[in-house]
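Quick notes on the structure that follows.
FYI, it's all coordinate maths here, none of it is from the lab. In this text the structure is predicted, and so the values were computed from the model without any measurement. Backbone-built Cβ (ideal geometry, glycine too); neighbour counts: all protein chains shown.
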Number of protein chains: 2
Amino acid sequence: MSSEAGTKSDRTRERILHAAAQAFRGSGYALTSLRQIAENAGMQAGSLYYHFANKDELVEAVLDEGVLGAQRAAEAAIGDLPASANPLEKIGAAFRGHLAYTLEEADFAVATLRMLHQVPDAVRIRHLRKQRAYGRFYARLFEEAKEQGLIRAEFDLSALRMLLLGALNWSPEWYDPAGLSPDQLVRQLTAMMESGVMPPSKRR
Amino acid sequence: MSSEAGTKSDRTRERILHAAAQAFRGSGYALTSLRQIAENAGMQAGSLYYHFANKDELVEAVLDEGVLGAQRAAEAAIGDLPASANPLEKIGAAFRGHLAYTLEEADFAVATLRMLHQVPDAVRIRHLRKQRAYGRFYARLFEEAKEQGLIRAEFDLSALRMLLLGALNWSPEWYDPAGLSPDQLVRQLTAMMESGVMPPSKRR
């Protein structure tokens, strides 16, 4: 759901989510108040309650937005590929979308990392289901790549996927916008991945 | 400094560091008390003060131990290689040492990630110097690998290093001891790295 297409209420909701992600990133779950988030979003606490009934509802929306936003960006990047793209090219495109979103909206990624262990169990469990659904999206692409003989037999697909996504997910901790662009950074990873996992016969 | 070789005072210090890492991992910097750490370490708060004058001294020791422990493990793994090992093989060995330490002593890695942004600036700045020194240890190995023609020209050594270390550093977030061993996991990464970064003429 892009902000351009949304109603005024959608846009306000999005503004609250961004203010909340920034506040949770800075202060963690326990020390952040709804009053502070409302203030950061430039609104009265009463107006915020119109969108989110309580802190747990808001924190869950922030956690989910980080995953769903990355997934939307990954799917959109695959959608831009020619129909002839192979599964490894699709993984590369998904990584580009994922990293661009993760670095542009770093508050969501970093806030999630810093507070996921602090939130109530029910919130964390529901959120982890969404993370796993996004993980399955990649798992299917890696399986297709292996079925098409693009990944050597020695690789454990689950480990490979988690290592590569970890490389991307860690990047907000060190990324410097003065250096490589997000796209250039992903190309370093995908250049290594493509010749790194393919059998010699498939390498170009 | 291994606990076997240390004095009784060294061993007590190590026990405090482990109890502190576990407490900081669970509760973050602000919400963890020295009293709680002393209790976890099975000692009186007064005895703890004999080793660490205050919370900031202890938190800095925990942050530093996470980096220095990983670096000691990485250097030891390189030391076990035959003298003929090339720089990429040294990087692979260092990664094995690094990951084994990071997963065995996950409290240090996760506590650092969760509280580095919360600690006083002076503590963080001094600690980041130690992180950078460890980064230079890897930077030199990647430079040697490139000088020996083991890494293709298209790669940015700094990006490559940060992506690969990120893949390892993220792993405590998802690693499942029921699956691959730490060694098997690193071999997934180094198998991809070796054929992924080498020019075709150097691949075996």
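From the phi of every residue in segment A:129-145, what ³J(HN,Hα) in whole Hz does the Karplus formula 6.51 cos²θ - 1.76 cosθ + 1.60 yield, where θ is phi - 60° and glycine or proline is x?
4, 5, 4, 5, 4, 5, x, 5, 4, 6, 4, 4, 5, 5, 5, 4, 4
Mind putting a number on the dipole of the protein assembly as shown about its Cα centre? Charges go on the C-beta only, +1 for Lys and Arg and -1 for Asp and Glu, and I need it in Debye to the nearest 20.
Dipole size: approximately 240 debye.
Rounded to the nearest 500 deg cm²/dmol, what is the calculated helix-only ellipticity per residue at 222 nm for chain B, with -39500 (n - 2.57) per DSSP H run of length n ≥ 4?
About -23000 deg cm²/dmol.
Just to check, using Stokes-Einstein with a Kirkwood Rh over alpha carbon pairs, what's the diffusion coefficient of segment B:55-202 at 10 °C and 1.306 mPa s in µm²/s?
Using the Kirkwood radius from Cα pairs, D works out to 98 µm²/s.
So for the protein assembly as shown, taking the charge dipole from beta-carbon charges (+1 Lys/Arg, -1 Asp/Glu), which of A:Leu163, A:Val186, B:Ile151 sits furthest toward the positive end?
My answer, from the dipole projection, is B:Ile151.
Explain nothing, just the number: relative contact order of chain A, from Cα pairs under 8 Å at least 6 residues apart, as a whole percent.
22 percent
Over chain A, with a Gaussian network built from C-alpha contacts below 10 Å, which listed residue (A:Val186, A:Val119, A:Val110) shows the highest mean-square fluctuation?
A:Val119
Taking a 27 Å limit on the Cα-Cα distance, which of the listed pairs A:Lys146/B:Lys202; B:Lys55/B:Lys130; A:Lys90/B:Lys130; A:Lys8/A:Lys55 fall beyond it?
Correct reply: A:Lys90/B:Lys130.
Could you check how many percent of all C-alpha pairs in segment B:2-71 are farther apart than 16 Å?
I get 42 percent for the Cα pairs in segment B:2-71 exceeding 16 Å.
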